[in-house]
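K.L.:
I am attaching a structure below and will ask some questions about it afterwards.
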Amino acid sequence: MSLHRLAVKHIKRIYSSRHLLWEMTVKKIKAQYAASLTGIGVAIVNPLLLAFVIIFVFSYIIRIEIDNFPLFIISGIFPWLFFSSALFDATMSFLVHKNILHQFNIPKELIPISVVFAHCFNFIVGLVVMMPFFYLLNHRVLLFIPLLAAVIILHFIFVVGLGMMFSLVNVFFRDFVSFLSTIIMLWLWITPVFYPLDFVPDKLRIIFRLNPMTSFIDCYRIIIFQGKSPSFCALIEVVLWSLVCFLTGVVFFDRFESRILKRI
Amino acid sequence: MESIRLDNVWEIYRVKFIIDGKTKWDNIWALKDISFSVARGEAVGIIGPNGAGKSTLLKLIAGMLAPDRGEITVEGRVSGLLELGAGFEPELTGHDNIYLCGSLFGLSKAEIEKKYDSIVKFASLGKFIYAPVKCYSQGMFVRLAFSIAVHIEPDIFLIDDTLAVGDENFQRKCFKKVFEIREKGVTFVFVTHDIGMLRKLCSRVIFLKDGRIIKDSNIDTVVPLYSQFSGNRNEIASFKKGDLHIVFNAGRLFLNWKDRLITPHYGGYVSIEVERNWYNSFQAQWEVTKSEEDNIEVIGNFYPLLITQVWRLSLNGGSLKWIVENRVKEGTSIQQVCFNLMLDKGYISWKSYTARGEFPSIPEDMRNWYPVASGGLLGKFVGVEAHETDKQKLPSVVFGYDEDSYFSQTNILNSDYLTNCRILQYIMKCGETSPSVGGFFLTPSVTIKFNVPDAASYIEKISTEYTLLSKRMKLLFQQGKLLLLYNNRFITQFPHAFTAIHINDRWYYSTMASWHVDKIEDNYLYVMLKWVGVSFTQHWHIRVIEDDSFVWEVEEEGSHTSAVIERRIEFLFCKEYLRYFCEYETGDFPSIFTEYPQDMLQCCIRRGEFGLRGELKSIPVVSFKVIGDNRSFGKIFNSDIFQRGRSVVIYNVSPEEKENVNGRLTYFKIKVSLKDAYNIENVPSVITNKRVKFVFDKGRGRIFWDDREITKHLSFYTSMRAGGRWYDSFSSASWRDTYNKNSNMEVNGEWDYIPLGQKWSIEVLPGAVLFKIILIVQKDIEVERLQTNVMLSEKYKKWHSFSQKGIFPEFRPDIDSDWEIIVSDNDYKGKCVAVDEVKEGFPEVNFYVDKAFSAGRLNIVNSDLYHRARLLQWVDDRQERIKVGEYLYCEGKIIFNGDNIK
């Protein structure tokens, strides 16, 4: 089957179970807050807390000559945290929800997708909470919110693609998730989250360029921190990365999904 | 219309094996070539051992797995309970989870909303519907899950053994709902291990094992198969011949006839009692060492006992031979080995060689097994049969043990109410012999024959090895005892006839020995007996020489014979024997049994015939005679309250001086004869004429005047003396009433062991009794004395004869065999002797003899202090030899003169 058909098939599948996907995501989010101390406050308190810590650390302890360094960092860290935690949870998702697989006949991709979706929600809440700060920094930020939304969607698709792959891999190689935590840690350092790309020596810059997350973080930065529209190139890069990852994920999934149930 | 269809479905799993650190991937086929289809609205149960592939099958039907080979077609929406609490988000409430689960099942929010109330109502969780699901009990989980699953309105409903978690109330609700939805045409597939639940919900069952369908049929066919075949492969072996299919499974034997299991529950198994504890074969560890077309060998180990059992099962003809070899570790002793065969309750009647009966129905409160027939009665073989209508399904079964040894016994039992079946048992007791030498092999075995057309005659045929037959008599040797039957009715009762030896302060009974029986000829049975602990052998020679009588000779040989103090042959006869007799005495057995046996004769009978008789026509007269000069003598006892019978014991008591014994010596030689009893009239015959009444009662005639008895004790009787012994009409003859009308009667009497008979004709007139006695001689005999006597009350004080008269003196204190003859008239004809007493309503009695056998005398006799009576007598004491024929014995009259009585 051609790539095109495959993609369409999966998209159709996801679309036809969208109600279920919604239900699963909502319930996941609800469950998260149900058990917590502050309830929905978690989505607010957590990012705020994180912001304060970063501000504190990067204002008083680590000094780097960039204006509003803390906010610089925040604009990178929030997307990064969405990416890493969503991927992490997505990787584990099949194992955690194996009883759903055994009991219900649902499209299996819904599981990692709903996980990513839930994390996306947390990410958005965090952004919303931080928005006032960015607004203070740069009033024009609000004009680019639609663009931000588009980037978020593309980022979401990107993470979904990766998530579908990793979740599958983890079923067959149960230790993958521990590798993943190390990989993500390394990955963090080859992404310009704590420092701008300019700081990186030329020779190593190519690694950063090849890193998909660099493109995403760049876009986020430009919109949120700088209050500008990212360049066409940057956007194309982001779109391409999303597409590639998604399609890879789809192909991968299609090939191996039938074997999941027997392995869990 | 099919709602589920599987065609040649194969499902494979790849499993990683790690052995010694090396990883190996192997393909495991979870389902192999599965094909079946389920119609719409059908309910199917799936049973099988763990790992059979049941859950995989359900997942295939649910659509979560795709078949690796073959095709599966499923029509309609599928829902069910495959995992407990699947899809529930623990932190969320039941309410939220209903929506979540509903969507997971594929319902839209609106649909869930519509059904929400009904789901909540069915789950009946009360306020807990709003509590987080993490705090639910398992029962609540399953209620909610089931409720949601059922309200989905599926076309196919699957359950993977999760209903077991719910309580009875819930299960009832579930069943009700299942029946409801089945009405609507919902197909139902149900995996469980609970047979009871299966019975309630479905009628079709598929038995899955190792990925294959073993049987797909109705519940009554599949369930017995399941219990037979579930287990480890190396513990199961089976073989088949014709309609019989035998399955061994981990210490249990299952027998199938025409694909129907006839041995329910534990089937056939063996229990052993070791060191006073019982161990069952189904608790041991088994391994099949040989499995061929017509025989199987299996080895079982009883832990922690270290006893090994080897079973060898083989089919020969229509018989299954079941040999159980017990190998014991040194020092362990086996007390008993018990073979049990549990049979379908459809068997309703049982037969053994000596008895038969029906199985009673088991009462509801019966908790234990109870015997239907006592082991002592049964013998080696027992057969059971089903009702006529069931004979096709349940063949007749004949079960018997092969070798006689110590205390072998078969039993027939009914089980308790819940198990509801019949049990045949063979128990072999090992007594006190505990082997201290290791490696002791005890090998009892049992033969089971099936579908015997006539179980009773088959048993009879195989039991007649040890039977001697005569005209009406049957003699059986069984387990060290002899059983006597007459007209197929037992006249001996347990423990029948056996020998006993007293030596070394112990009694050794023939029932305790090990024996070897040989039927040398049709009428000659030879038995050789040996006891453990005694080094001599007893030999029995039993020969039937005439109709209905046998000679039993007992010999002994061996080095210990001289140490024997006493020997016996004991017979126990049934209590229908009411009278005993010997040459000089006869009497009745008392009707009450006491704690100890009562010696009836209080003397040792060494000569002549002695024996027992009863009153019923079916009880023959049994008479014993000791043959040969070997110190034996007999005694007759009324046995004690435990045995409740009549015993005849022949003794041989050794003198204190030990004799030197070499070779074989005969210690007993007795002849036992059975004869039809003369029908003895219980009811005395009465004839009356005005004031005179004559009552004939067992050989004596009692005379009444005005209803007052004037005779006493022996009354009117005859006595004969032959061969030095007395034979009286009242004691040693049996009488038959041949004629009784108005004032005439005729009776016939026969003496048992002298060839004489008498016929009495009595006529009663208003003032007299006429008598005529005829003597019937059957064989030439020498008689010494013939008498006719009238014994009268002592109230008669005066007497007179033809020539004299007088008064009776006081009775003499010393009791003599001959009483005091007062007067004796040599000439009898025309004369009489008489007693006078008109006072007190006693008439004068005149005794005349008109004709007699030969000349004789008329005597008036005063009896002894015991009888206290007056005797008028005719005596002929000429010794002569009488030839065969009929002779007039005595003819005369007794005339009463009671004119002066008021």
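K.L.:
Report, as a whole number in µm² per second, the diffusion coefficient that Stokes-Einstein gives for region B:631-747 at 10 °C and 1.306 mPa s using the Kirkwood radius over alpha carbon pairs. Walk me through the intermediate numbers first.
P.N.:
Numbers: Rh = 18.9 Å.
Estimated diffusion coefficient is 84 µm²/s.
K.L.:
Taking θ as phi - 60°, what are the ³J(HN,Hα) couplings along region A:201-213 by the Karplus curve (6.51, -1.76, 1.60), each to the nearest whole Hz, with x for Gly and Pro?
P.N.:
My calculation for region A:201-213 gives x, 3, 4, 8, 4, 4, 4, 4, 5, 6, 6, x, 5 Hz in order.
K.L.:
Show which lysines lie in cross-link reach of B:Lys16 when reach means a straight Cα distance below 16 angstrom and same-chain residues fewer than eight apart are skipped.
P.N.:
Answer for B:Lys16, where 16 Å is the Cα cut-off: A:Lys262, B:Lys24, listed by chain and number.
K.L.:
Given only helices, namely DSSP H runs of n ≥ 4 each adding -39500 (n - 2.57), what is the per-residue ellipticity at 222 nm of chain B, to the nearest 500 deg cm²/dmol?
P.N.:
-3000 deg cm²/dmol
K.L.:
Pop the C-beta distance of B:Lys32 and B:Lys109 into the FRET formula with R0 = 41 Å and round what comes out to the nearest 0.05. Don't skip to the end; give the middle numbers.
P.N.:
Working: r = 43 Å, r/R0 = 1.04.
Efficiency, rounded to the nearest 0.05: 0.45.
K.L.:
Identify all lysines with a Cα-Cα distance to B:Lys675 below 21 Å; exclude those on the same chain that are fewer than 8 residues away in sequence.
P.N.:
Here the lysines satisfying the reach criterion relative to B:Lys675 are B:Lys471, B:Lys474, B:Lys575, B:Lys617, B:Lys625, B:Lys635, B:Lys698, B:Lys779.
K.L.:
In debye to the nearest 20, how big a dipole does chain B give about its Cα centre with +1 on each Lys and Arg Cβ and -1 on each Asp and Glu Cβ?
P.N.:
Charge dipole, chain B, about its Cα centre: 1100 debye, nearest 20.
K.L.:
State the extension gain, in nm to one decimal, for the chain segment bounded by B:Arg881 and B:Ser319, taking 0.36 nm per residue of separation less the distance between their alpha-carbons.
P.N.:
195.7 nm
K.L.:
Dipole of chain B (Lys/Arg Cβ +1, Asp/Glu Cβ -1, origin at the Cα centre): which of B:Pro371, B:Ala284, B:Ile112 lies farthest to the positive side?
P.N.:
So the residue furthest toward the plus end is B:Ile112.
K.L.:
Give, rounded to the nearest 20 debye, the magnitude of the charge dipole that the protein assembly as shown has about its Cα centre when Lys and Arg contribute +1 at Cβ and Asp and Glu contribute -1 at Cβ.
P.N.:
Dipole magnitude for the protein assembly as shown comes out near 3480 debye.
K.L.:
From the C-alpha coordinates alone, can you work out the Kirkwood hydrodynamic radius of the protein assembly as shown, in Å?
P.N.:
Result for the protein assembly as shown, one decimal place: 40.8 Å.
K.L.:
Using each residue's phi in region A:54-71, evaluate 6.51 cos²θ - 1.76 cosθ + 1.60 at θ = phi - 60° and report the 3J(HN,Hα) Karplus result to the nearest Hz, with x for Gly and Pro.
P.N.:
Result, rounded to whole Hz: 5, 4, 4, 5, 8, 9, 10, 9, 9, 10, 10, 7, 9, 5, 6, 4, x, 5.
K.L.:
Mind pulling up the Rg/Rh value for region B:500-558? Radius of gyration and Kirkwood radius, both on Cα. List each step's numbers first, then the result.
P.N.:
Values: Rg = 12.9 Å, Rh = 12.4 Å.
Dividing the radius of gyration by the Kirkwood radius yields 1.04.
K.L.:
Still on this structure, I have one more. How high is the FRET efficiency between A:Thr182 and B:Glu153 when r is their beta carbon distance and R₀ equals 35 Å, given to the nearest 0.05?
P.N.:
Computed FRET efficiency for A:Thr182 and B:Glu153 comes out at 0.10.
K.L.:
Right, another one. Farthest toward the dipole's positive end in the protein assembly as shown, which of B:Leu469, B:Ile19, B:Ile98, given Cβ charges of +1 (Lys, Arg) and -1 (Asp, Glu) about the Cα centre?
P.N.:
So the residue we want is B:Ile98.
K.L.:
I would also like to ask the following. For the pairs B:Lys345/B:Lys481; B:Lys134/B:Lys184; A:Lys108/B:Lys54; B:Lys109/B:Lys134, note any where the Cα-Cα span goes beyond 29 Å.
P.N.:
In this structure, B:Lys345/B:Lys481; B:Lys134/B:Lys184 exceed 29 Å between Cα atoms.
K.L.:
While we're looking at this one, here's another question. What is the magnitude of the charge dipole of region B:306-357 about its Cα centre, with +1 placed on the Cβ of each Lys and Arg, -1 on the Cβ of each Asp and Glu, and no other charges, expressed in debye to the nearest 20?
P.N.:
160
K.L.:
Another question, then. Among B:Val672, B:Phe188, B:Ala66, pick out the residue whose Cα is farthest towards the positive end of the charge dipole of chain B, where Lys and Arg carry +1 and Asp and Glu carry -1 on C-beta, about the Cα centre.
P.N.:
Final value for the positive-end residue is B:Phe188.
K.L.:
When the convex hull of the C-alpha atoms of region A:140-264 is computed, what volume per residue in Å³ does it have?
P.N.:
Details: hull volume 14.8 nm³, N = 125.
Value for region A:140-264: 118 Å³ per residue.
K.L.:
On to the next question. Just the number, please: Stokes-Einstein D of chain B in µm²/s, Kirkwood Rh from C-alpha pairs, 25 °C, 0.890 mPa s.
P.N.:
Answer from the Stokes-Einstein relation: 69 µm²/s.
K.L.:
Please sort B:224-232, B:169-177 by packing, taking for each peptide the average over its residues of neighbouring beta carbons within 10 angstrom, highest first.
P.N.:
Final packing ranking: B:224-232, B:169-177.
K.L.:
While we're here: Check the straight Cα-Cα distances from B:Lys258 and name the lysines below 16 Å, setting aside those fewer than 8 residues away within the same chain.
P.N.:
Of all the lysines, those that pass the test against B:Lys258 - Cα under 16 Å, at least 8 places apart if same chain - are B:Lys215, B:Lys240, B:Lys241, B:Lys391, B:Lys393, B:Lys449.
K.L.:
Here is a further query. Can you give the FRET efficiency for B:Ser349 and B:Thr419, using 1/(1 + (r/R0)^6), R0 = 22 Å, r = Cβ-Cβ distance, to the nearest 0.05? Before the final figure, lay out the partial values.
P.N.:
Working: r = 20 Å, r/R0 = 0.90.
Calculated transfer efficiency: 0.65.
K.L.:
Around B:Leu305, which amide H atoms from residues at least 5 apart in sequence, or from another chain, sit under 5 Å from its own amide H, with H modelled in the peptide plane?
P.N.:
Sorted by chain and number, the residues that satisfy this come to none at all.
Each reported figure results from applying straightforward, stated rules to the coordinates on display, with no laboratory input. Not measured: the values here are computed from a predicted model. Heads up, the Cβs are rebuilt from the backbone with ideal geometry, glycines too, and the neighbour counts pull from every protein chain shown.
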